[in-house]
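Report on one structure; see the data block that follows.
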Amino acid sequence: MKNLITSIFIALFASFPLLGQEKLDEILPIRGICLSSPNPDGVDKFVNFIKDELVPLKVNTLVILIDYGYQFKSHPELTDENALSTEDVKKIVQVCREGGIRIIPQINLLGHQSWFQSIGQLLKAYPEFNETPHVPMEGGSTDLKWPNEWGLYCLSYCPLHPEVHDVVFDAVDEIVEVFEANAFHAGMDEVFYLGDDKCPRCQGRDKAELFAGEVTKIRNHLAQKNVELWIWGDRLLDGRTTGIGFWEASYNNTHRAIDMIPKDVVINDWHYERPDPTAAYFALKGFKVITCPWRFPEITKTQLHMMVNLKKDATPAVKDNYHGMLHTTWTSADNFIEEYYGRKEVNTGRGGNYVEAFKVLFEEINKLNE
């Protein structure tokens, strides 16, 4: 009789709708924002923004674009100007912990090792890691506006260089430790330089295998400490077949890597000008997928409801792969905060308004509680 009563009670309890936080956690396990890390003089403003705005909005995930903006002890030569100290980072960690926000730090790996003529700290300190050292980057002899004869957008490091991971993984481990993180974002988007014909190690190799090999190597390193790997999803989509194009998907055949990488890699599926329904593709391939909007409020709203409906209508085998939403900002932390409060005009030069899109996203998210 006791077991029967217990079973009835459990069945009745399960029939009631989840309320508040529990309901949101069920519908959207990830409700996040991706922000650049602040400069040291902006840390207190950043912390207050998290406490005063993100926590009340029920944001539960913060991807923080740190790259080399930290005072590394393992490799001081990688440290950018205006880098955060350990004390600065701990202020951010504390406010996130108190507000129930999970921090996921990012260092761009593989690609995005430069921005046109501005070379990042890794290749400045270790130019031998450059996948394409023959591309002229200094002296003003190259017009590096896009497009150009070298197809240059951002440099990559060579994934087969025998010493690159000794340096990169030291930096990754230090960042994960100081942020007390159980996940790490490796970027890996917009990798145009890979398997270059002039690279003595990579030439002639399958670009999908090279990309998958690097994802797997990073994932395996993190897995030793039970740290989850997140990456952007664009290189795993076929840009030609889908018509999505070479920014939000691949034109250099890396898309086949989707069948070569571990299924516990979390995919951040970004689309900014159309609500392309590729979350379903990643979920059906067995990956946890997070939809990432940016600057168009109506598209952002469509992407949210697409994610919710895909999860609602999915089979039990796939349902949990629809993991939530991560809003991207692509401006400095100080810019976003000032624009959010209306103290600075939003840069709308590329169309849309990423601040308004963020506000619309979380307004819609919190309606899911109603």
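One line per residue, one yes/no per condition, for (1) part of a loop (DSSP other than H, G, I, E, B); (2) touching a Lys or Arg at 6+ places or on another chain (Cβ under 8 Å); (3) not aromatic (Phe, Trp, Tyr):
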position: Ile261; (1), (2), (3): yes, yes, yes
position: Glu273; (1), (2), (3): yes, no, yes
position: Ala283; (1), (2), (3): no, no, yes
position: Lys301; (1), (2), (3): no, no, yes
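The residue that is surrounded by the fewest Cβ atoms within 10 Å (Cβ to Cβ), counting only those in region 105-132 that are among the polar types (S, T, N, Q) and closer than 26 Å to Val227 by Cα, is Gln121.
When region 323-346 is filtered for residues that are of a type in the set (A, V, I, L, M), touching a strand residue (DSSP E or B) at 6+ places or on another chain (Cβ under 8 Å) and either crowded, with 21+ Cβ neighbours inside 10 Å or free of Cβ contacts under 8 Å to residues at least 40 places away in the same chain (or both), the ones remaining, listed by number, are Met325, Leu326. Looking across region 157-204 at every residue that is without any contact (Cβ under 8 Å) to a residue 12 or more places away in the chain and either part of a loop (DSSP other than H, G, I, E, B) or in contact with a Ser or Thr (Cβ under 8 Å, 6 or more places away or on another chain) (or both), the one that is nearest to Val63 (Cα to Cα) is identified as Pro162.
Considering only residues that are more than 12 Å from Tyr340 (Cβ to Cβ) and not charged (D, E, K, R), look in region 51-60 and name the one that is farthest from the chain's Cα centre (by Cα). Filtering region 51-60 for residues that are more than 12 Å from Tyr340 (Cβ to Cβ) and not charged (D, E, K, R), the one farthest from the chain's Cα centre (by Cα) comes out as Pro56.
Could you grab me the full set of residues in region 20-67 that are surrounded by 15 or more Cβ atoms within 10 Å (Cβ to Cβ), of a type in the set (Asp, Glu) and either at pLDDT 95 or above or assigned to a strand (DSSP E or B) (or both)? Glu53, Asp67, listed by residue number.
So is Val355 more than 22 Å from Val289 (Cα to Cα) and under 20 Å from the mean Cα position of the chain (by Cα) or not? Yes, satisfied. Residues of region 349-367 include at least one that is in a loop (DSSP other than H, G, I, E, B), in contact with a Phe, Trp or Tyr (Cβ under 8 Å, 6 or more places away or on another chain), exposed (fewer than 15 other Cβ atoms within 10 Å of the Cβ) and touching a residue at least 24 places away in the same chain (Cβ under 8 Å). Scanning region 197-214 for residues that are crowded, with 20+ Cβ neighbours inside 10 Å and over 18 Å from the mean Cα position of the chain (by Cα) returns Cys199, Cys202, Lys207, Ala208, Leu210. Candidates are the residues of region 73-89 that are out of contact with any Leu (no Cβ under 7 Å at 6 or more places or on another chain) and touching a residue at least 60 places away in the same chain (Cβ under 8 Å); the one that is surrounded by the most Cβ atoms within 10 Å (Cβ to Cβ) is Val89.
Quick one: would you say Met307 is touching a helix residue (DSSP H, G or I) at 6+ places or on another chain (Cβ under 7 Å), not in a helix (DSSP H, G or I) and not basic (Lys, Arg)? Walk me through how you get there before you give the answer.
Values: touching a helix residue (DSSP H, G or I) at 6+ places or on another chain (Cβ under 7 Å): yes; not in a helix (DSSP H, G or I): no; not basic (Lys, Arg): yes.
No, not satisfied.
Residues of region 285-297 that are outside any strand (DSSP E or B), under 13 Å from Tyr354 (Cβ atoms) and not basic (Lys, Arg): Pro293, Trp294, Phe296, Pro297. The numbered conditions (1) under 20 Å from the mean Cα position of the chain (by Cα); (2) closer than 30 Å to Lys45 by Cα; (3) touching a residue at least 60 places away in the same chain (Cβ under 8 Å) are all true for Met307 except (2).
The values are calculated or read from the model by the stated rules, or taken from the named source; none is laboratory data. This structure is a prediction, so every number in the text was calculated from the model and none was measured. In this analysis, Cβ positions are derived from the backbone assuming ideal geometry, glycine residues included, and neighbour counts consider all displayed protein chains.
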